[in-house]
1. Considering segment A:91-105 alone, what residues qualify as being open to solvent by less than 10 Å² (accessible area, probe 1.4 Å) and within 12 Å of chain B (Cβ to nearest Cβ)?
2. Being within 13 Å of chain C (Cβ to nearest Cβ) and in contact with a strand residue (DSSP E or B) (Cβ under 7 Å, 6 or more places away or on another chain): is that true of B:VAL52 here?
3. Only one of (1) closer than 30 Å to A:MET1 by Cα; (2) among the charged types (D, E, K, R); (3) within 20 Å of the chain's Cα centre (by Cα) is not met by A:ASP116, so which one is it?
4. I'd like to verify a number: residues in segment A:1-35 that are assigned to a loop (DSSP other than H, G, I, E, B) and within 14 Å of chain C (Cβ to nearest Cβ), how many?
5. Looking at segment A:119-154, which of its residues are open to solvent by less than 50 Å² (accessible area, probe 1.4 Å) and not in a strand (DSSP E or B)?
6. Among the listed residues C:SER47, C:SER76, which satisfies the condition of being of a type outside the set (A, V, I, L, M), in contact with a Ser or Thr (Cβ under 9 Å, 6 or more places away or on another chain) and either within 12 Å of chain A (Cβ to nearest Cβ) or surrounded by fewer than 19 Cβ atoms within 10 Å (Cβ to Cβ) (or both)?
7. Considering segment A:36-72 alone, what residues qualify as being in a strand (DSSP E or B) and under 12 Å from the mean Cα position of the chain (by Cα)?
8. Could you grab the pairs with beta carbons closer than 8 Å, sequence gap of 6+ or different chains, first residue in segment A:121-144 and aromatic (Phe, Trp, Tyr), second one at pLDDT 95 or above and not in a strand (DSSP E or B)?
Amino acid sequence: MDHDTLDDLRRLKYRYLRSLDLKRWDEFADTLAPDIEATYGKRLSFSGRDAVVDYMRSSLAASIITVHQCHHPELSVDGDTATGTWYLEDKVIITEHRMLLTGAAFYDDTYARGADGVWRIRRTGYLRTYEAVETLDPSWKLTANHWATEDQPA
Amino acid sequence: MDHDTLDDLRRLKYRYLRSLDLKRWDEFADTLAPDIEATYGKRLSFSGRDAVVDYMRSSLAASIITVHQCHHPELSVDGDTATGTWYLEDKVIITEHRMLLTGAAFYDDTYARGADGVWRIRRTGYLRTYEAVETLDPSWKLTANHWATEDQPA
Amino acid sequence: MDHDTLDDLRRLKYRYLRSLDLKRWDEFADTLAPDIEATYGKRLSFSGRDAVVDYMRSSLAASIITVHQCHHPELSVDGDTATGTWYLEDKVIITEHRMLLTGAAFYDDTYARGADGVWRIRRTGYLRTYEAVETLDPSWKLTANHWATEDQPA
């Protein structure tokens, strides 16, 4: 097995998820192939890096805290392309509406190594096992929030 | 270190958990050694592959959504046997009764490489740090469910 | 890439978190460099192994159940020092007060290989994306607790 490449692919996914949850859109964009095809659930499909980045940037304002963690990598490499399955657990806190979304899904990704030698996500999609929404308990209160400001404290 | 084997062992555990949570019982069965000894908590013990598979298949109907994710692999290989410690986080949603079970545990596994060269789980058990049950909040509502049908929508 | 060292570093972090959540303070202490600098959030900073261990031992009594799981390792090795970023998900159950703390954070660690050839944590700190507290639902009830005693059942 080519353990260097397996490591590169895992780091690619971690960079994608870290920059997504930290809302660092330039770093996020660089994890995507220019011609990416991304499907998130049944309702959301995007073609091309700009479409994905624009959607994320406009949907995930500072009032929305996301936690996307991917586990259980099952990766296969074939030259300059690779495929991977991951087990996602996600949590989205919509602070303004005191709503919490939780879910789990199996991601199926395709990766491509570009002319610059860097791996990027070429295709991504998932099978949701479940997703649920709930109103946060009246006692629930933020004690830290990376996006808090003086106008909008934690 | 034999990184190929470490990778094989991680994938074995991921396949076991993926097929469990997707209720794919034939694929699940093939991750178990024929003479597996499995202990899940203090009350549940099984000897042999059929006993484990029969229990899971009959207990985990479509109305029960499970999320079993294992983290922190600490693996040791010794020829055709290996041992592993993992940190489980699990969630079981019993949709009919609107109950949620959550917990964490440290798995202790033994693996064996069969005559066909494939690693399987030979012994599995865990130390539960905690487990809790609760009734889902009245506002909690499924927005996606892989096992939903027309008769039993999400 | 030096995959043996990457594996050593991952196991170090897993041992640190396992011994923390199992309250095994001697094993926990041995994962820390004698001159560790540890910062947990904005309010808690410690210099030296004894300061960290004393704080954890006195804060995390049997009535406090912790789950600290770290994901997404992004590690770099440079001789006998190394750095790592991890994505933490944590949960703290304060059983006496029926309080639950949940959160996520990105850890930034520095590791050092000692004269005995063993890697230990030299510096650790994190950027919290969020942390929240809530009162556990009246229906929430422990069904297993590794620290339960006759006087203090689960």
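1. Applying the first criterion (open to solvent by less than 10 Å² (accessible area, probe 1.4 Å)) to segment A:91-105 yields A:93, A:103-105.
Within segment A:91-105, A:GLY103, A:ALA104, A:ALA105 qualify.
2. Details: within 13 Å of chain C (Cβ to nearest Cβ): no; in contact with a strand residue (DSSP E or B) (Cβ under 7 Å, 6 or more places away or on another chain): yes.
Here the answer is no, as B:VAL52 does not meet what is asked.
3. (3)
4. Keep residues of segment A:1-35 that are assigned to a loop (DSSP other than H, G, I, E, B), which gives A:1-2, A:22-24, A:30-31.
Filter once more, keeping what is within 14 Å of chain C (Cβ to nearest Cβ): A:1-2, A:22-24, A:31.
Counting residues in segment A:1-35 that are assigned to a loop (DSSP other than H, G, I, E, B) and within 14 Å of chain C (Cβ to nearest Cβ) gives 6.
5. A:LEU136, A:ASP137, A:SER139, A:TRP140, A:TRP147, A:ALA148
6. Working: C:SER47 fails: in contact with a Ser or Thr (Cβ under 9 Å, 6 or more places away or on another chain).
The conditions single out C:SER76.
7. At the first step, the residues of segment A:36-72 found to be in a strand (DSSP E or B) are A:36-40, A:44-47, A:64-72.
Matches in segment A:36-72: A:ALA38, A:THR39, A:TYR40, A:THR66, A:VAL67, A:HIS68, A:GLN69, A:CYS70.
8. A:TYR130/B:HIS146; A:TRP140/A:ARG98
The values are calculated or read from the model by the stated rules, or taken from the named source; none is laboratory data. Note that the coordinates shown come from a computational prediction; the quantities given were computed from them, not determined experimentally. Positions of Cβ are backbone-derived with ideal geometry, glycine not excepted, and every protein chain shown enters the neighbour counts. Just the protein is used for accessible areas: all its heavy atoms, side chains included, with ligands, DNA and RNA removed. Shrake-Rupley method; radii C 1.70, N 1.55, O 1.52, S 1.80 Å.
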